[in-house]
């Protein structure tokens, strides 16, 4: 049996779940959850690391865990896991996936009501059995129903990078065909939406039969849902739907624009065309004169916009949020690109829950052409992430100072920390500790269920601290898994401006936080954005490209983004935060 990293991680995570349901001690459970987290971050071939015995050299992998992993890597099975599985119905794993339904509840539901599946739990919520349980009540039952319904809705969606990877795999195969003249991924992926149900591909060809036959016969295809001459739909392995539409090359610009969307943008474009005596659709742009229609040739999307009296509108902006009105009078703003990005200001080393050394991160960042790097390990309250207490943080500052002595020419290293915002809004260290750092990221990692008012006051209080420089992942959301906590982001944005604190666009694909919908207005208010991958391993630097795309969608230019400034300007921004705090309107 050929095993991959994911198989080993899934094994450890499943063991941890069964141990939680059994009510085993926290330390035993944590050995498996921490092991899974470590394997996610390790570079190289994890299975080979196990088979060679070198996994035992990795922190946290003791003798018992190494023996289990070796058995699994050698045989493809693990007797210990099979024993755990035999104690409970396998369907309890699905119950454990419900947000806010932890192992203790699952254990009680199973022992007291013999609930073994999500459907059985939903029935128990609806008929009052859950509400009747000691310590539960009607509100608990309502929350479970809401969580299950949301989970089932989310199951139909795919995160942007996963969806794009599937679409690109198909597109790459089709681009290699000689019969394909032009091809683009369209739809919500081209517009950079955080998640999607399907992918749209538009291609031009003079031989649609051959192209479609190749499309439905691709190795990646799991199910052919529809097979036509100009439109076909497939389900790829993994479950996502990919639609292919074929047109003549003269129609390609119109089809690409139409199927890129958004629907609201297309409606606005059609209205504009009508007012100008024209008609636009996926089939072309036509000059209308009574019942007569004359096609206006366009070689690309730019010429389509030009024919409608508009400057070119980048796909990311096509949401009917003012882009058409803006493009009437002037070119769309110079949006940020990857070439503008100069350095990561949020990454973790192996001192907390990262997998790299300071030196490895410096070498990788410099290799990417970056000019600077900020080291920001977790603070002490993030015990689940091996957060640094005062002594360890001071030691980390010393290591950063030592690393500065051998930096590549022209490269700057900033000392920082990702500091927890406590429940009362206080930061995780005393001022005399924070003042020794170049900058401080503040973020929420606990007490997500606070009221909107309390969470807002908590975050605003942190922003008013003179050491706070960047607010990380402002809503705490985990896409398709955990909703944002309740918070008044408009008040937070005002407080960030008043206190000269940047707000992060966290470009981890599970976060993409603060959402793109807020950045245009935040920028107009004067908020500085910081695009960061929240990197825990070197490969996480790849997330930067996502951050660039989504911040383009938020109308951001290089001047709006901290990470696009030169090192001296960034340093000046950090030092400005050392002034006494300004009270905001959120009190």
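Which residue out of 540, 508 is assigned by TED's automatic domain parsing to the domain that holds residue 374, under 16 Å from the mean Cα position of the chain (by Cα), over 17 Å from residue 340 (Cα atoms) and assigned to a loop (DSSP other than H, G, I, E, B)? Step through it out loud before you land on a result.
On the way: 540 fails: assigned to a loop (DSSP other than H, G, I, E, B).
Answer to the check: 508.
Can you name the number of the only condition in (1) touching a strand residue (DSSP E or B) at 6+ places or on another chain (Cβ under 7 Å); (2) free of Cβ contacts under 8 Å to residues at least 40 places away in the same chain; (3) part of a helix (DSSP H, G or I) that residue 266 fails?
Result: residue 266 fails condition (1) only.
Filtering region 496-507 down to residues that are surrounded by fewer than 24 Cβ atoms within 10 Å (Cβ to Cβ) and in contact with a helix residue (DSSP H, G or I) (Cβ under 6 Å, 6 or more places away or on another chain), which residue is nearest to residue 320 (Cα to Cα)?
Taking the candidates together, the pick is 497.
Restricting the search to region 321-339, which residues are buried (at least 18 other Cβ atoms within 10 Å of the Cβ) and not in a loop (DSSP other than H, G, I, E, B)?
Passing the criteria: 323, 324, 327.
Table: residues versus (1) more than 30 Å from residue 502 (Cα to Cα); (2) assigned by TED's automatic domain parsing to the domain that holds residue 182; (3) surrounded by 14 or more Cβ atoms within 10 Å (Cβ to Cβ).
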{"position": "240", "(1), (2), (3)": "yes, yes, yes"}
{"position": "271", "(1), (2), (3)": "yes, no, no"}
{"position": "289", "(1), (2), (3)": "yes, no, no"}
{"position": "319", "(1), (2), (3)": "no, no, yes"}
{"position": "349", "(1), (2), (3)": "no, no, yes"}
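So residue 382 ticks every box in (1) out of contact with any helix residue (DSSP H, G or I) (no Cβ under 8 Å at 6 or more places or on another chain); (2) modelled with pLDDT of 95 or more; (3) over 24 Å from residue 572 (Cα atoms) but one. Which box is left unticked?
Here residue 382 meets the rest and fails (2).
Test of understanding: among 109, 27, which residue is surrounded by 15 or more Cβ atoms within 10 Å (Cβ to Cβ) and farther than 30 Å from residue 541 by Cβ? Before the answer, list the steps.
Details: 27 fails: surrounded by 15 or more Cβ atoms within 10 Å (Cβ to Cβ).
The match here is 109.
What helices (runs of 4 or more DSSP H) completely inside region 1-109 contain at least 2 residues that are free of Cβ contacts under 8 Å to residues at least 60 places away in the same chain and within 25 Å of the chain's Cα centre (by Cα)? Show your work before the answer.
Working: elements: 5-22, 26-41, 46-51, 63-75, 79-87, 92-96.
By residue number, 5-22, 26-41, 92-96.
Give the residues of region 419-437 that are touching a helix residue (DSSP H, G or I) at 6+ places or on another chain (Cβ under 9 Å) and closer than 15 Å to residue 375 by Cα, sorted by residue number.
Scanning region 419-437 gives 419, 436, 437.
Identify, from the list 186, 169, 203, the residue that is crowded, with 19+ Cβ neighbours inside 10 Å and under 21 Å from the mean Cα position of the chain (by Cα). Show your work before the answer.
Working: 169 fails: crowded, with 19+ Cβ neighbours inside 10 Å; 203 fails: under 21 Å from the mean Cα position of the chain (by Cα).
Of 186, 169, 203, the one residue that is crowded, with 19+ Cβ neighbours inside 10 Å and under 21 Å from the mean Cα position of the chain (by Cα) is 186.
Looking at (1) in contact with a helix residue (DSSP H, G or I) (Cβ under 6 Å, 6 or more places away or on another chain); (2) in a loop (DSSP other than H, G, I, E, B); (3) surrounded by fewer than 21 Cβ atoms within 10 Å (Cβ to Cβ), which is the only condition residue 447 fails?
That leaves (1) as the condition not met.
List, please: which pairs have Cβ atoms under 6 Å, are six or more places apart or on different chains, and start with a residue in region 310-332 that is farther than 18 Å from residue 518 by Cβ and end with one that is exposed (fewer than 14 other Cβ atoms within 10 Å of the Cβ)?
Sorted first by the residue in region 310-332, then by its partner, the pairs are 311/331.
Please count how many residues of region 545-558 are within 24 Å of residue 375 (Cβ to Cβ) and buried (at least 21 other Cβ atoms within 10 Å of the Cβ). I'd like the intermediate steps shown before the answer.
Narrowing region 545-558 to residues within 24 Å of residue 375 (Cβ to Cβ): 545-548, 551, 558.
Those left that are additionally buried (at least 21 other Cβ atoms within 10 Å of the Cβ): 546-548, 551.
Number satisfying all stated conditions: 4.
Kindly indicate whether residue 192 is touching a residue at least 60 places away in the same chain (Cβ under 8 Å), at positive phi and out of contact with any strand residue (DSSP E or B) (no Cβ under 7 Å at 6 or more places or on another chain).
Values: touching a residue at least 60 places away in the same chain (Cβ under 8 Å): yes; at positive phi: yes; out of contact with any strand residue (DSSP E or B) (no Cβ under 7 Å at 6 or more places or on another chain): yes.
When the stated conditions are applied, residue 192 passes them.
Restrict the check to region 471-479 and report whether at least one residue is surrounded by fewer than 21 Cβ atoms within 10 Å (Cβ to Cβ), over 20 Å from residue 505 (Cα atoms) and in contact (Cβ under 8 Å) with a residue 24 or more places away in the chain.
For region 471-479, residues surrounded by fewer than 21 Cβ atoms within 10 Å (Cβ to Cβ), over 20 Å from residue 505 (Cα atoms) and in contact (Cβ under 8 Å) with a residue 24 or more places away in the chain: absent.
Look at residue 373 and say whether it is free of Cβ contacts under 8 Å to residues at least 60 places away in the same chain, in the same structural domain as residue 504 (by TED's automatic domain parsing), crowded, with 22+ Cβ neighbours inside 10 Å and not in a loop (DSSP other than H, G, I, E, B).
Answer is yes for this residue.
For residue 162, all conditions in the list (1) under 30 Å from residue 313 (Cα atoms); (2) at pLDDT 95 or above hold save one; what is the number of the exception?
It is condition (2) that residue 162 fails.
Within region 115-230, considering only helices (runs of 4 or more DSSP H) that don't extend past its boundaries, which have at least 1 residues that are within 27 Å of residue 481 (Cβ to Cβ)?
Details: elements: 118-126, 129-132, 138-154, 160-175, 187-190, 208-216.
Of the helices (runs of 4 or more DSSP H) lying wholly inside region 115-230, those with at least 1 residues that are within 27 Å of residue 481 (Cβ to Cβ) span 118-126, 129-132, 138-154, 160-175, 187-190.
Which residue out of 33, 38 is assigned by TED's automatic domain parsing to the domain that holds residue 105, buried (at least 16 other Cβ atoms within 10 Å of the Cβ) and more than 22 Å from residue 106 (Cα to Cα)?
Numbers: 33 fails: more than 22 Å from residue 106 (Cα to Cα).
Testing whether each residue is assigned by TED's automatic domain parsing to the domain that holds residue 105, buried (at least 16 other Cβ atoms within 10 Å of the Cβ) and more than 22 Å from residue 106 (Cα to Cα) leaves just 38.
The values are calculated or read from the model by the stated rules, or taken from the named source; none is laboratory data. Just so it is clear, the structure is predicted and the values come from calculations on it, not from any experiment. Methodologically, a virtual Cβ is constructed for each residue, glycine included, from the backbone with ideal geometry; neighbour enumeration extends over all protein chains shown.
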